[in-house]
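J.: Let me begin by handing over the structure; questions about it come next.
The values are calculated or read from the model by the stated rules, or taken from the named source; none is laboratory data. On a predicted model such as this, the values are computed, not experimentally measured, just so you know. Cβ atoms come from the backbone with ideal geometry, glycine included; neighbour counts cover every protein chain shown. Areas reflect the complete protein model, heavy atoms only, side chains present, ligands, DNA and RNA absent. Shrake-Rupley method; radii C 1.70, N 1.55, O 1.52, S 1.80 Å.
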Amino acid sequence: MRQHFLIKRRVLVLVGLLAYVGAALLCTGRATGQIGGFQIQDSLQLLGITRSDEVALVDLNGDGNLDAVVQDNEYAPSQIWLNNGNGLLNDGGRIGAQYEGLPLFGDVDGDGDPDAVSRVIRLNDGRGNFSLLRTNDDDFFPLVANRRARTLGDLDGDGDLDYVSETAVWLNDGSGTFRRTTQEFDGAAGALALGDLDGDGDRDLVVLNGVGNELAIWWNNGSAAFVRRSSVGTSNFSSDVVLGDLDGDGNLDALTSGYFGNSLIHWNNGAGEFSRSTVLTNGPRVKQSALGDLDGNGVLDIVMAVEGSDLAWRNLGNQRFELAWSSTQADNSWGVALGDLNADGSLDAVFANMGSFFTPGGGPIGSILTILPGPLRRRHG
């Protein structure tokens, strides 16, 4: 009887110890808890097991839900993850049969669905099935160059999406066939972005020379002819640039992500030029930043993919920001995209994670940050 009692007591002690350890793991988990007013929660949803360096969110099959397209770092075709409408992403196959770089997505043939533009242009049938239109040369979409140094936008005001890279401009004939113009840009760009900087109704261009520590402004004359207007300095090896009205004055500002230096907000003076800058971070290796209203107060906040702990910044107004969230586990993220994945009316984020370079596979391939109205919760994917 005594031996039975001792065994039972040891079992109870063991169960209690396991419960304590489990509770400790829950309390100290990668993303559980509340930091800076943002509620954090880990969903444990996995999006593959290999390293990833780029991610895009787009409704591929016309069901009204944002899907994810992830480029892994093993030089495989881009992976599609289809959204079931509740934010659960399921394997939707790959785009193409070989590595083509993560495409840009946009309606290049005017039929209302997003097509895929990389070195290979693939047209969407409206259901997320892509057929080959044409293959371009390396001059159009060099695979070894930074994907962020090219984008789609209506440059000449004719209603279709044109294409701009770090070197030149290609105009769309409306069917998805692009013709190169004589426009050229000086220097090799690390990233670029399009937006109406001077309020004249056309899309201007900012070109980030990451190695040269310079952000150049090119004004559009409305016909896809760009004239270099001015430039401002950035930090060493800036990795990304994104445009958005960060101070609510109606003008597009620029955020440059600092990889070996400061991440800077360059404020638009209202005349289409950046007259001064504010240091946002100093130290973390920021690979990419995304802008969006995270807490529903009508102003743009900032999410950063970092080679270390990812970051979220709350916009306080009056050109002030506070650090509202920092991930507790370093995923070495290289990319981030924002969009409402679970149809709750608030933005979510997907990170492309490189993981550890010393771990085979490096996974997981991505993580999801779900942002509820008001608070913010973290979902690992």
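J.: Looking at VAL211, VAL164, VAL206, VAL169, which one is open to solvent by 10 Å² or more (accessible area, probe 1.4 Å), of a type in the set (Val, Ile, Thr) and either touching a strand residue (DSSP E or B) at 6+ places or on another chain (Cβ under 8 Å) or more than 16 Å from ARG119 (Cα to Cα) (or both)? Break it down stepwise before answering.
T.: Numbers: VAL164 fails: open to solvent by 10 Å² or more (accessible area, probe 1.4 Å); VAL206 fails: open to solvent by 10 Å² or more (accessible area, probe 1.4 Å); VAL169 fails: open to solvent by 10 Å² or more (accessible area, probe 1.4 Å).
Answer to the selection: VAL211.
J.: For region 46-105, what are the residues that are free of Cβ contacts under 8 Å to residues at least 60 places away in the same chain and touching a Ser or Thr at 6+ places or on another chain (Cβ under 7 Å)?
T.: VAL69, GLU74, ARG94, ILE95, GLU100, GLY101, LEU102, PRO103, LEU104
J.: Still on this structure, I have one more. Write out, first by first residue and then by second, each pair whose Cβ atoms fall under 6 Å of each other, whose residues are 6+ apart or on separate chains, and whose first residue, in region 149-167, is closer than 16 Å to ASN209 by Cα while the second is part of a loop (DSSP other than H, G, I, E, B) and aliphatic (A, V, I, L, M).
T.: Matching pairs, first to second residue: ALA149/ALA189; GLU166/ALA189.
J.: Which members of region 327-337 meet the condition of being open to solvent by less than 40 Å² (accessible area, probe 1.4 Å) and not in a loop (DSSP other than H, G, I, E, B)?
T.: Correct list: SER333, GLY335, VAL336, ALA337.
J.: Related question: Among the listed residues LEU194, LEU152, identify the single one that is in contact with a Gly (Cβ under 9 Å, 6 or more places away or on another chain) and over 22 Å from ARG122 (Cα atoms). Reasoning before the result, please.
T.: Values: LEU152 fails: over 22 Å from ARG122 (Cα atoms).
That would be LEU194, the only listed residue that is in contact with a Gly (Cβ under 9 Å, 6 or more places away or on another chain) and over 22 Å from ARG122 (Cα atoms).
J.: In region 172-198, what residues are crowded, with 22+ Cβ neighbours inside 10 Å and modelled with pLDDT of 95 or more?
T.: Within region 172-198, the first condition is being crowded, with 22+ Cβ neighbours inside 10 Å, and the residues that meet it are 172, 189-193, 197.
Answer for region 172-198, where residues must be crowded, with 22+ Cβ neighbours inside 10 Å and modelled with pLDDT of 95 or more: ASN172, ALA193, LEU197.
J.: Within region 109-127, how many residues turn out to be crowded, with 17+ Cβ neighbours inside 10 Å and either assigned to a strand (DSSP E or B) or more than 21 Å from the chain's Cα centre (by Cα) (or both)?
T.: 9
J.: Can we say SER230 is small (Gly, Ala, Ser), surrounded by fewer than 15 Cβ atoms within 10 Å (Cβ to Cβ) and part of a strand (DSSP E or B)? Spell out how you get there, then give the answer.
T.: Details: small (Gly, Ala, Ser): yes; surrounded by fewer than 15 Cβ atoms within 10 Å (Cβ to Cβ): yes; part of a strand (DSSP E or B): yes.
Yes; evaluated as a whole, the condition is true for this residue.
J.: Take region 244-270 and flag every residue that is open to solvent by 20 Å² or more (accessible area, probe 1.4 Å), touching a residue at least 40 places away in the same chain (Cβ under 8 Å) and within 21 Å of ASP310 (Cβ to Cβ).
T.: TYR259
J.: Tell me, which residue of region 82-108 that is in contact with a Phe, Trp or Tyr (Cβ under 7 Å, 6 or more places away or on another chain) and assigned to a loop (DSSP other than H, G, I, E, B) is farthest from THR181 (Cα to Cα)? Give the derivation first.
T.: Start the filter on region 82-108 by keeping residues that are in contact with a Phe, Trp or Tyr (Cβ under 7 Å, 6 or more places away or on another chain), which leaves 89-92, 95, 99, 101.
Retained after the next criterion (residues that are assigned to a loop (DSSP other than H, G, I, E, B)): 99, 101.
Details: TYR99: 27, GLY101: 24 Å.
Among those residues, the one meeting the criterion is TYR99.
J.: I'd like to know if region 316-325 contains one or more residues that are open to solvent by less than 10 Å² (accessible area, probe 1.4 Å) and among the aliphatic types (A, V, I, L, M).
T.: Within region 316-325, the subset open to solvent by less than 10 Å² (accessible area, probe 1.4 Å) is 324-325.
Now restrict to residues that are among the aliphatic types (A, V, I, L, M): 324.
Yes: one or more hits.
J.: Further, regarding this structure: Please go through region 299-315 and give me each residue that is free of Cβ contacts under 8 Å to residues at least 40 places away in the same chain and either open to solvent by 10 Å² or more (accessible area, probe 1.4 Å) or over 20 Å from TRP267 (Cβ atoms) (or both), ordered by number. Lay out the reasoning, then the answer.
T.: The first filter runs over region 299-315 and keeps only residues free of Cβ contacts under 8 Å to residues at least 40 places away in the same chain, leaving 301, 306, 308-309, 311, 313.
Matches in region 299-315: VAL306, GLY308, SER309, LEU311, TRP313.
J.: Restrict the check to region 72-79 and report whether at least one residue is open to solvent by 60 Å² or more (accessible area, probe 1.4 Å), at pLDDT 55 or above and within 27 Å of GLY345 (Cα to Cα).
T.: Our first condition is that a residue be open to solvent by 60 Å² or more (accessible area, probe 1.4 Å); within region 72-79, this holds for 74-75.
Okay, now just the ones that are also at pLDDT 55 or above, so 74-75.
Then keep just the ones that are within 27 Å of GLY345 (Cα to Cα); that gives none.
There is no residue in region 72-79 that is open to solvent by 60 Å² or more (accessible area, probe 1.4 Å), at pLDDT 55 or above and within 27 Å of GLY345 (Cα to Cα).
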